[in-house]
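Participant: Take this structure first; my questions come after.
The values are calculated or read from the model by the stated rules, or taken from the named source; none is laboratory data. In this text, all values refer to a predicted model and were calculated from it rather than measured experimentally. Note that we place each Cβ from the backbone using ideal geometry, even for glycine, and neighbour counts take in every protein chain shown.
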Amino acid sequence: ENAGEVILVCTQVKSYVEPLQATLEYHHEGYAAAMASGDSSQAVINLLALNSSSFFAGANLQRMEDLFADTVKLCEERHQLNYKFQAQQVQRSLSKLIGTGKEPKHSSEGRDVLASNSSVLRSYHYHTAYISFIFRSYDDTIENIEKYFALQENTWGILFLAQAVHAFHTGLISFWVARK
């Protein structure tokens, strides 16, 4: 009954000591276990963790774009707005890296989530700062990394899953900003 959640957390811990690519398959197992037990929330989280980990592991970006589109669709079907919005943030990052420039369409509920949930807003500023950093847009990077850090005290558990990635990239960004 809780296998999806257990696999998710154990996989995230395992990714601290093993190469990220080696842990990806476990999220497939977590997704399958969660769906088998009827826990669509944990299934969505496992799928989002799989896709996000694949993104940072260097998977093919065009393939990732399709996977995130499927994740967004599943989030819509299961009414998982927080996770849908977070998946759309990575979709936006993928689009910018690929060069298509497609912006995800946010429903009014999605905009409400962004306005009312500091964890989702923090994740939004992280992704915006990350892409600005990749493209060396100094002013956008500064603006979004400051907003990201301003929300640091008011965020919740999903950031446990992303904490190492966020800490690594915000460290790189801070180093770049300090040297500039």
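Participant: Identify the single condition in (1) among the polar types (S, T, N, Q); (2) modelled with pLDDT of 80 or more; (3) farther than 28 Å from residue 66 by Cβ that residue 95 does not satisfy, given that it satisfies every other one.
Facilitator: Here residue 95 clears every test but (3).
Participant: Can you tell me which residue within the stretch 41-62, out of those that are crowded, with 22+ Cβ neighbours inside 10 Å and among the aliphatic types (A, V, I, L, M), is farthest from residue 100 (Cα to Cα)?
Facilitator: Per the stated criteria, the residue is 43.
Participant: In the set 157, 110, 101, which member is surrounded by 13 or more Cβ atoms within 10 Å (Cβ to Cβ) and at pLDDT below 80?
Facilitator: Step by step, each of 157, 110, 101 is checked, and only 110 is surrounded by 13 or more Cβ atoms within 10 Å (Cβ to Cβ) and at pLDDT below 80.
Participant: Count, please, the residues in the stretch 89-121 that happen to be assigned to a helix (DSSP H, G or I) and more than 14 Å from residue 47 (Cβ to Cβ).
Facilitator: 21
Participant: Check the stretch 66-86 and report whether any residue there is exposed (fewer than 13 other Cβ atoms within 10 Å of the Cβ), assigned to a helix (DSSP H, G or I) and either at pLDDT below 90 or not assigned by TED's automatic domain parsing to the domain that holds residue 47 (or both).
Facilitator: No, because not a single residue in the stretch 66-86 is exposed (fewer than 13 other Cβ atoms within 10 Å of the Cβ), assigned to a helix (DSSP H, G or I) and either at pLDDT below 90 or not assigned by TED's automatic domain parsing to the domain that holds residue 47 (or both).
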